[in-house]
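Have a look at the structure that comes next, please.
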Amino acid sequence: MKEMQKKKLFIATICVLVTILGLVFQDSVRAQTYPSKPVTVVVAYSAGGGTDIAARLLNQFAEKHLKQPLVVLNKGGAGGEIGFAELAKSRPDGYTIGWINTPPVQTIPIQRKAAFSLDDFIPICNIVYDPGVLAVRIGYGFDTIEKLIEEAKKHPGVVTYGTSGIGGDDHLAMLGFEKEAGLKLAHVPFDGAAPAMIALLGGHINLLAANEGEVLPHVRAGKMKILAVMNEKRLASLADVPTFQQKGINVISASARGIAAPKGTPEAIIKQIEEVFLKASREPEFLKKAGELELPLYFLDSKAYAEFLRSQNVFLKALWEKQPWLK
Amino acid sequence: MEVISSLLHGFSVALMPVNLFYCFVGVILGTLVGVLPGVGPAAGLALLIPATFGMHPTTAVIMLSGLYYGSMYGGSTTSILVNIPGEAASVVTCIEGYQMAKRGRAGAALAVSAVGSWIAGTISVLFLMFFAPPLASAALSFGPPEYFSLMVLAFVVLAPLSSGSATKGLFMAALGLMLGSVGIDPISGYQRFTFGRRELLDGIGFVPVVMGAFGIAEVLTSAEKVFLRPEVFRVKFWDLWPKWFEWARSWAAMIRGSLLGFFAGLIPGPSPVIAAFGSYAVEKRMSKNPKEFGHGAIEGVAGPEAANNAAVGGAFVPLLSLGIPFTPAMGVLLSGFLIQGIRPSPMLINDKPDLFWGLIASMYVGNSMLLILNLPLVGVFASILRVSQSILLPLVTLFCLIGAYSLNNSLVDIGIMIGFGVFGYFLRKADYDPAPMILGMILGPMMERALRQSLVISQGSSEIFFSRPLSAIMLSIAGIFLLYSMIRWIQGTQKVKGASEV
């Protein structure tokens, strides 16, 4: 009996020692050069969505430059809050980065008590910039902005516009439009861009506020017409469509998606990641695939991206004070 | 006809060895995804998409689609054998399928389910082939008022289908409506019943609730039996194959289920689940022996299983013709397409005929593969019942946990599943059927959203529901239905009165 007990004690001690050694050596792995293991990329929306596709596509090319796998972790829900919060509280060691989307990453902390704030992130680079557009169904009423404004002024609160949801970039843009042009429209929120597009195509709503990437295929198919784009310059894909500013109405809106890291991530690592994604976003194969997906790209480096986020945040905070988009 | 020649061309694409192989891979994975409780087609597709990166677009599309409709075949297996739905749309199959298994007719149920799925798949591909563009336009004519009226109709028709007392059923439906209201109000942005928890901002997902109230609750109920009276589940295998009269009763149900399911797929929302419920309700009403429902009526397996497959086929119509996904899994499938550089749109049929017809042809091929795979496996699956419950139940629980987590990488979903599992266990003890609750949770939010959108469009006037023909028709049918049910109920109570007076 004593022999058996001795043997068991011996084996148990070896196991414990091995475990301790393993834990010790695990730490020293981290001391090696970055990146020495795969990097997690948090996406705050579910698999298959626009952000997810862009992330997975870019990852394919970025992995080559990073020399480590990039693994997408989908943490969707609460309009992005769950995923953003996940990123915000991750370890700032460079092994967790994530995609942040405007305006949710700015509006959520403004409109409610959120589990993150814009300051929790270090912006690395912006990738996608999808400007807002105002669309109508072809042959269904107004075909210019002027006619729309005229009609809306004659019948306040009657002209309906659909968006992908309350508090989204489409909704905020239309609130801005109403204010600038002195109109009163009727907002019909949908559960995402897809149902809103169906409603427009079916003639159930008069207008659709959406993003360029979403409506382009339908424009090409001759079903929809864009009245104006919410961008500073005309869009390459819609060269004959005026911007709102050109019509004297100051509405600029877009959905921007980029990559960020939790606050506290070392500067050197941020620079390294920025380099990787810059190179990846310039690869001809990536540009080709992004073109096929009609992903409007607009690379901003860390400084420019941070400035963009900050100034938009200031604007949104002011908008909320004057005209909160939720009660 | 031009369609036939295009289809033949499609077959030449679909039968290419590489496409054949990946079609096979897709449907096998789909069946697996369907069989595993908790892991549904959306999760399976999301996991498979990265594997398609290097593939030729047509091949990728064939494989991904195969996974989706394949998952509707597999879902019935666990429903029938262990009363746990393989995925949400197979919930209804549990009701009759499991009862059939208890009577030793598991094989028959499995076979009928496989054949029904095949018939549904074939019919829906046929419809897809001939009617895709006009159907898509018809789908567009459904606006918020029509959705509302449709939801009202669905609720009126489906709510009474709970087994047991009607009052209890209504109570569960009301509970479902209440649960469905949790989350952010879609029109005003108010938070309802979220108690400050951000995980509840999107509401209580119905998939974890289904897995819990049907899956975990079943595990708990069975486990209790094992403790109280350990018994090995004896199943007689003298009749693995359905008898001729069972076929006779089933084939009509399959056709009805297929048609219902296909058209349900044209409506946005979780159409396979709704189609399955709808088919069950239809079969129960049309049956010559309605008393048998709840105790193993084979139509209650054939119809719903056909319906959920057909709904997947139907959902392909708006996806391929408009490029708009009507169910969450379709959304994931769409992105799989997008990654391949395929943007479904009205021009897809003309721009990429190889792809479109290759896909259609591959659906015929895939459906047939599934039938050939599933039928011989009926015996194998049925023998799972021989495995001791003390091994089977923990395994099933494990899969449910993995599945619930895989929805959103969230522990909250697991919590919801377990919570509703315990709740479902007590519900069973008290003889309450959770099915109306699920219906309430799904239909309620859709109904409310559609109602309020319609009222915005009409500036507050309810007239809009009656001035639009489609909506008016559906509301009238719902009204007639209600009236009819009330009259029947009054007659029923009169009879009882009459009998007791005698």
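Before I look further, what does the protein assembly as shown give for accessible area per residue, probe 1.4 Å, in whole square angstrom?
Values: 34650 Å² over 829 residues.
With all protein chains present, the protein assembly as shown gives 42 Å² per residue.
Here is a further query. B:K168: which lysines have alpha carbons under 28 Å from its alpha carbon, excluding same-chain residues fewer than 8 sequence positions away?
Partners within reach: B:K102, B:K225, B:K284, B:K288, B:K291, B:K429, B:K495, B:K497.
Going down the list A:K147/A:K223; A:K75/A:K322; A:K225/A:K317, which pairs span over 22 Å between their C-alpha atoms? It would help to have the intermediate numbers written out before the result.
On the way: A:K147/A:K223 19 Å; A:K75/A:K322 33 Å; A:K225/A:K317 32 Å.
Those over the limit are A:K75/A:K322; A:K225/A:K317.
Per DSSP H run of n ≥ 4, the term is -39500 (n - 2.57); total these for chain B, divide by its residue number, and report the mean residue ellipticity at 222 nm rounded to 500 deg cm²/dmol. The partial results should precede the final answer.
Values: 21 runs with 367 residues, N = 502.
Only helices count here, giving -24500 deg cm²/dmol.
Restrict the search to the range A:226-303; then list the GluC sites (Glu not before Pro) that DSSP places in a loop and that have at most 12 other Cβ atoms within 10 Å of their Cβ. If you can, show how the numbers build up before the last one.
Numbers: sites: A:E232, A:E267, A:E274, A:E275, A:E285, A:E292, A:E294; in loops: A:E232, A:E294.
Taking the range A:226-303 and a limit of 12 other Cβ atoms within 10 Å, the loop GluC sites (Glu not before Pro) found are A:E232.
Stokes-Einstein D for chain B at 4 °C, 1.567 mPa s, Kirkwood Rh over Cα pairs, in µm²/s? If you can, show how the numbers build up before the last one.
Working: Rh = 23.2 Å.
For the chosen part, D equals 56 µm²/s.
Give me the percent of DSSP beta bridges within the range A:102-256 that run antiparallel, rounded to the nearest 5. Show your work: numbers first, answer last.
Details: 12 of 19 bridges.
Roughly 65 percent of the beta bridges in the range A:102-256 run antiparallel, per DSSP.
Hey, what do the phi angles of the range B:144-149 turn into as Karplus ³J(HN,Hα) couplings, whole Hz, using 6.51/-1.76/1.60 and θ = phi - 60°, x for Gly and Pro?
Result, ordered by residue: x, x, 5, 4, 4, 4 Hz.
Okay, moving on. Buried accessible area between A and B (1.4 Å probe, both chains summed, ligands and nucleic acids excluded), in Å² to the nearest 100? Kindly include the intermediate steps, with their values, before the conclusion.
Details: alone 16520 and 21720 Å², together 34650 Å².
When A and B are taken together, about 3600 Å² of accessible area is lost.
Simple spin-label model, 7 Å along Cα-to-Cβ: A:K303 to B:F53 in nm?
According to this spin-label approximation, the distance is 3.3 nm.
Can you give me the angle between helix A:145-154 and the longest principal axis of chain A, using Cα atoms only, in degrees from 0 to 90, rounded to the nearest 10?
70
Long-range amide H contacts for A:D130: which residues qualify at under 5 Å (H placed 1.01 Å from N, peptide plane, sequence gap of 5 or more or a different chain)?
Under 5 Å from the amide H of A:D130: A:S255, A:A256, A:R257.
Sticking with this one: For helix A:50-66, report the angle its Cα long axis makes with the longest principal axis of the Cα atoms of chain A; keep it between 0 and 90° and round to the nearest 10°.
50
Pop out the ³J(HN,Hα) list for the range B:206-221 in order, Karplus 6.51 cos²θ - 1.76 cosθ + 1.60 with θ = phi - 60°, rounded to Hz; leave Gly and Pro as x.
Here the 3J(HN,Hα) series is 6, 5, x, 5, 4, 4, x, 5, 9, x, 5, 4, 5, 4, 5, 5 Hz.
How much of the calculated P(r) for the range B:339-498 lies past 23 Å, in percent of all Cα pairs? Kindly include the intermediate steps, with their values, before the conclusion.
Details: 9451 of 12720 pairs.
Counting every Cα pair in the range B:339-498, those more than 23 Å apart make up 74 percent.
Compare A:E150, A:E178, A:E81 in a GNM of chain A, Cα atoms joined below 10 Å, and give the one with the largest fluctuation.
Fluctuation is largest for A:E150.
For the pair A:A115 and B:T221, what calculated FRET efficiency results from E = 1/(1 + (r/R0)^6), where r is the Cβ-Cβ distance and R0 = 35 Å, to the nearest 0.05?
Values: r = 38 Å, r/R0 = 1.08.
The value I calculate is 0.40.
Continuing with this model, one more query. For n ≥ 4 DSSP H runs only, could you compute -39500 (n - 2.57) per run for chain A, divide by its residues and tell me the 222 nm figure to the nearest 500? Intermediate values should be presented prior to the final figure.
Values: 11 runs with 149 residues, N = 327.
Result for chain A: -14500 deg cm²/dmol, rounded to the nearest 500.
To continue, here is another question. Could you list the trypsin sites (Lys or Arg not before Pro) in the range B:112-203 that lie in coil according to DSSP, counting only those with at most 12 other Cβ atoms within 10 Å of their Cβ? Mind showing how you got there, number by number?
Values: sites: B:K168, B:R192, B:R197, B:R198; in loops: B:R197.
Loop-located and lightly packed - B:R197.
Sticking with this one: What lysines sit close enough to A:K67 to cross-link, taking a C-alpha to C-alpha distance under 18 Å and skipping anything fewer than 8 places away on the same chain?
A:K37, A:K271, A:K279
Give the Kirkwood hydrodynamic radius (Å, one decimal) of the range B:82-162, defined as one over the mean of 1/r across all pairs of different Cα atoms. Write out the running numbers ahead of the final one.
Values: mean 1/r = 0.0635 Å⁻¹.
The answer is 15.7 Å.
Restricting the count to DSSP beta bridges whose residues both fall in chain A, what percent are antiparallel, rounded to a multiple of 5? Write out the running numbers ahead of the final one.
Details: 24 of 39 bridges.
Taking every DSSP beta bridge within chain A, about 60 percent pair in antiparallel fashion.
Label-point separation (nm) for A:A268 and A:H65, each offset 7 Å from Cα along Cα-to-Cβ?
Each label point lies 7 Å from its Cα, and together they span 2.0 nm.
How much of the DSSP bridge set in the protein assembly as shown is antiparallel, in percent, rounded to the nearest 5? The partial results should precede the final answer.
Numbers: 26 of 41 bridges.
Roughly 65 percent of the beta bridges in the protein assembly as shown run antiparallel, per DSSP.
Express in % the proportion of alpha carbon pairs of the range A:184-275 at distances exceeding 20 Å. Please list the in-between numbers first.
Numbers: 2164 of 4186 pairs.
Considering the range A:184-275, 52 percent of its Cα-Cα pairs are separated by more than 20 Å.
Measure nothing but the geometry: give the 0 to 90° angle between the long axis through the Cα atoms of A:2-30 and the longest principal axis through the Cα atoms of chain A, rounded to 10°.
Around 40 degrees separate the two axes.
If I compute solvent accessible area with a 1.4 Å probe over the protein chains, what percent of it on the protein assembly as shown is carbon and sulfur?
Working: 22760 of 34650 Å².
Its accessible area is 66 percent carbon and sulfur atoms.
Go ahead and run the numbers for FRET between B:S165 and A:K322, Cβ-Cβ distance against an R0 of 45 Å, rounding to 0.05.
Efficiency, from the Cβ-Cβ distance: 0.20.
Next up: Under the √(5λ) rule applied to the eigenvalues of the Cα gyration tensor, what semi-axes describe the equivalent ellipsoid of the range B:304-430? Give them in Å, descending. Before the final figure, lay out each step's value.
Working: eigenvalues 264, 98, 35 Å².
Values for the range B:304-430, descending: 36, 22, 13 Å.
Step through the residues of the range B:101-112 one at a time and calculate ³J(HN,Hα) from phi using the Karplus curve (6.51 cos²θ - 1.76 cosθ + 1.60, θ = phi - 60°), rounding each to whole Hz and writing x for Gly and Pro.
4, 4, 8, x, 9, 4, x, 4, 4, 4, 5, 4
Could you pull out the trypsin sites (Lys or Arg not before Pro) across the range A:49-78 that fall in loop regions by DSSP (anything but H, G, I, E, B) with no more than 16 other Cβ atoms inside 10 Å? It would help to have the intermediate numbers written out before the result.
Numbers: sites: A:R56, A:K64, A:K67, A:K75; in loops: A:K67, A:K75.
Of the trypsin sites (Lys or Arg not before Pro), the ones in loops of the range A:49-78 whose Cβ has at most 16 other Cβ atoms within 10 Å are A:K67.
So what is Rg over Rh here for the range A:213-327, counting just Cα atoms and using Kirkwood for Rh?
On the way: Rg = 17.6 Å, Rh = 17.2 Å.
Rg divided by Rh gives 1.02.
I've got another one for you. Would you compute the Debye intensity of the range B:293-342 from its alpha-carbon atoms alone, equal scatterers and no solvent, and pass along log10 I(q)/I(0) at q = 0.17, 0.22, 0.31 Å⁻¹ to two decimals?
Results for the range B:293-342 at q = 0.17, 0.22, 0.31 Å⁻¹ read -0.58, -0.75, -1.10.
The values are calculated or read from the model by the stated rules, or taken from the named source; none is laboratory data. Because the structure is a prediction, the values reported are computed rather than measured. A quick note on method: Cβ atoms are made from the backbone with ideal geometry, for glycine too, and the neighbour counts reach across all protein chains shown. These accessible areas exclude ligands, DNA and RNA; they are computed on the full protein's heavy atoms, side chains included. Shrake-Rupley method; radii C 1.70, N 1.55, O 1.52, S 1.80 Å.
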